[in-house]
1. Any chance you could count how many residues in the stretch 61-78 are surrounded by fewer than 10 Cβ atoms within 10 Å (Cβ to Cβ) and at pLDDT below 95?
2. Which of the numbered conditions does residue 23 fail, given that it passes all the others? Conditions: (1) outside any strand (DSSP E or B); (2) closer than 27 Å to residue 5 by Cα.
3. Quick check, is residue 59 under 21 Å from the mean Cα position of the chain (by Cα) and part of a helix (DSSP H, G or I)?
4. Given (1) under 15 Å from the mean Cα position of the chain (by Cα); (2) under 19 Å from residue 104 (Cβ atoms); (3) exposed (fewer than 12 other Cβ atoms within 10 Å of the Cβ), where does residue 81 come up short, assuming only one miss?
């Protein structure tokens with residue numbers, strides 16, 4: 001199976017005078033819900049669908065709690081989640097305050113299994 005993509009022409013927003021270039025855009029083929037993942041995992045194991053679903057819901061809850069505490073959540077070979085922030089600059093450290101923090105994100109760093117998957121991806125133009 002291959003990841004489908006389209007191409008679109010875009011200009012450089014920092015230099016609109018530059019010629020436009022063509023770039024790839026990954027296309028989604030759908031989505032998978034937490035419930036569907038739970039059922040699929042249950043089919044591959046000896047755990048019931050209800051138990052699998054309960055574990056996935058609990059994982060989501062504790063992941064949120066630990067990230068809100070500033071912890072890095074490492075899920076083995078799957079990867080790690082961490083909060084990331086961006087801010088305006090201040091002239092001095094003393095002039096910096098928390099209201100200058102403007103962006104908040106959850107960063108994900110893939111582990112060995114996902115990196116291997118990425119290294120083996122195939123692509124197909126839609």
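The values are calculated or read from the model by the stated rules, or taken from the named source; none is laboratory data. All of these numbers come straight from a predicted model, not from anything done at the bench. Reconstructed Cβ throughout: ideal geometry from the backbone, glycine too, with neighbour counts over all protein chains shown.
1. Residues in the stretch 61-78 being surrounded by fewer than 10 Cβ atoms within 10 Å (Cβ to Cβ) and at pLDDT below 95: 1 in total.
2. In the conditions (1) outside any strand (DSSP E or B); (2) closer than 27 Å to residue 5 by Cα, residue 23 misses (1) alone.
3. yes
4. Residue 81 satisfies every listed condition except (3).
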